[in-house]
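The values are calculated or read from the model by the stated rules, or taken from the named source; none is laboratory data. Just so we're clear, the structure is a prediction, and the values are computed from it rather than from any experiment. As a convention, Cβ positions derive from the backbone with ideal geometry for all residues, glycine included, and neighbour counts pool all protein chains shown. Just so you know, the surface numbers come from the protein's heavy atoms only, side chains and all, with ligands and any DNA or RNA stripped out. Shrake-Rupley method; radii C 1.70, N 1.55, O 1.52, S 1.80 Å.
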Amino acid sequence: MKFKDMPYERIDFAQVEKEMKELTMALSQAASGEEQFEIHKKFYALTDRVNTLMTIAMIRFNGDTADEFYTKEQEYYDEQSPVYSNLLLEYQKQLYASPHRAYLEEKIGPVAFKNMELAQKAMDEKLIPLMQEENSLTMEYDKLIAGAKLQFDGKELNLSLMRPYLTSRDRSVREAAWKTATAFFEENGEKLDEIYDKLVKNRTAQARAMGYENYLELGYYRMMRNCYGKEEVEAFRSQVKEYFVPFAEKLHQRRRERLGLEHLMYYDESVYFPEGNPAPIGTPEEILAAGQKMYGELSSETKEFFDFMQENELFDVLGRKNKRAGGYMTYLPLYQAPFIFANFNGTSGDVDVITHECGHAFQGYLSGKDPIREHADITMETAEIHSMSMEFFAEKWIPLFFGDRAKDYVDMHLEDAAAFIPYGCMVDEFQHIVYENPDLTPAERNAAWSRLEKEYKPHLDYGDNKYLADGAYWQRQTHIYSSPLYYIDYCLAQTCALQYKVKMDADFEDAWKSYLKLCRLSASDFFTNMIKEAGLDSPFEDGCLKNIVEKLENYVK
């Protein structure tokens, strides 16, 4: 079914509560594991319906944050989703305590039960008012960012549509564009600080209500980190500082020489060639058609997937006013349909949507065929391997998108992927500092960010841009507001994706088989086990990052 034709009606959570309590009661009275599993199938049907309708409302609100009807629907779900989460928790508690657990574990897997344990540590009915307030605050941030109206080049643009100017080949244009974008954040700086301050204190209050010292423990449970913890993440970041930061600095200096600059400034950060970054050829429709050709040739599985996406109009990728910034893939369970949301703006990022978000969507399409819904509950570091690796598998078809600048894109993409890891770790360490010290003032938070920039990106120079020089760049990173502690997942995944880059250059077919295996494993096992089964090294192992850097050094020589 085409997305535009998918019917929508507001969910009656009073009715959902009634049905959920009936299922929970039936579960407690079931005489066997077989009987409990039949009840669990009814749970799947109920949650599929609820999740689908909530997702439809979210997508349509994100498509136009000024739409009054879907704004009210989103506000309703922001209020009701914590209540719904608590209903799920009560059901899962009953399932978790089942006397027939051995049978159920055989059916839905041990990972599902570990995740239920974490869910119980992450949620309690007493948190509902705080969670509702948290949702309201993140919505306030999203609307503020989506509603940006920047006057530039004789046009009124939002932040997504400013991207081509921020990466212009003309250095004076991109400097002016950066100053215009910065002015928006500076004008709204106090409001952004106020929203974030409230979010930090809110999340800290949730953690303390659960008996935790600060939000980090609660946040790790909410991110479903079911096979590693804070110590492993800290060790990973230490390896990044030791091996990846020096390597990334070499890449930045290589880029400086290529650009013919004596010194890199902050407005040169995302520019790779003196003639400008490679831009995709063709219209958005032609980019999607090139994607269809690529996935048609990559494998029979990817052909089936992309044809399904196109036939059912499961893309919303055109940038426009009042559209939520950024991009994502989500899933509509009732229709076994992934959905891709993005903001095309004429830059190489448009093609990244066809590779990165489609990597997520392809895996979602495969896992949607699995009747065990828990197998689709992928933790984020695993999910990002699917997307970031697909970016590399697409390299054979990049000429379809970039013509004679295909090699420039491939070189740029590898450099960008490697240089991202220090930035992503910096975002993660910043959040650890903030949540360990929830009473930091805005100035103290900015000082922490500035200190981390010197550790992770020592080449960075903000010149006379005082706002950014004082440490406020983090306000541009939406994940810091809306998805706390998410960013390290990108770094762990990129470490795995770079291993796939090395593998596919040695044997493409063998690398693809490994990737397909990982996608099909979905969430049937723990992250650290699945990557081993797929033939990858764990990012947490000593020597993993050192080994990757040594291999990447050969590419850039």
Next item on the list: Scan region 516-530 residue by residue and report those that are in a helix (DSSP H, G or I) and surrounded by fewer than 24 Cβ atoms within 10 Å (Cβ to Cβ).
Entry: Leu516, Lys517, Leu518, Cys519, Arg520, Leu521, Thr528, Asn529, Met530
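To keep it simple, each residue is scored yes or no on (1) more than 22 Å from the chain's Cα centre (by Cα); (2) surrounded by fewer than 17 Cβ atoms within 10 Å (Cβ to Cβ); (3) part of a loop (DSSP other than H, G, I, E, B).
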| position | (1), (2), (3) |
| --- | --- |
| Arg255 | yes, no, no |
| Asn277 | yes, no, yes |
| Glu285 | yes, yes, no |
| Leu288 | no, no, no |
| Glu297 | yes, yes, no |
| Asp316 | no, no, no |
| Asn322 | no, yes, yes |
| Thr330 | no, no, no |
Note to self: Can you tell me which of (1) in contact with a helix residue (DSSP H, G or I) (Cβ under 8 Å, 6 or more places away or on another chain); (2) open to solvent by less than 40 Å² (accessible area, probe 1.4 Å); (3) assigned to a helix (DSSP H, G or I) is the one Ala148 doesn't meet?
What the structure shows: (3)
Next item on the list: Take Met162 and decide whether it is buried (at least 19 other Cβ atoms within 10 Å of the Cβ) and not in a helix (DSSP H, G or I).
Entry: no
Notebook entry, point to check: Among Ala342, Ala376, which is the only one that is aliphatic (A, V, I, L, M) and crowded, with 22+ Cβ neighbours inside 10 Å?
Noted result: Ala342
Note to self: All but one of (1) of a type outside the set (S, T, N, Q); (2) surrounded by fewer than 17 Cβ atoms within 10 Å (Cβ to Cβ); (3) out of contact with any Phe, Trp or Tyr (no Cβ under 9 Å at 6 or more places or on another chain) hold for Glu301; state the number of the condition that does not hold.
What the structure shows: (3)
Notebook entry, point to check: Looking at (1) modelled with pLDDT of 95 or more; (2) open to solvent by 50 Å² or more (accessible area, probe 1.4 Å), can you tell me which one Asp505 breaks?
Noted result: (1)
Item checked: Residue among Glu444, Glu391 that alone is touching a His at 6+ places or on another chain (Cβ under 7 Å), open to solvent by 10 Å² or more (accessible area, probe 1.4 Å) and either of a type in the set (Lys, Arg) or in a helix (DSSP H, G or I) (or both) -> Glu391
Next item on the list: Identify the residue in region 136-155 that is without any contact (Cβ under 8 Å) to a residue 60 or more places away in the chain and among the acidic types (Asp, Glu) and, among all such residues, is farthest from Met58 (Cα to Cα).
Entry: Asp153
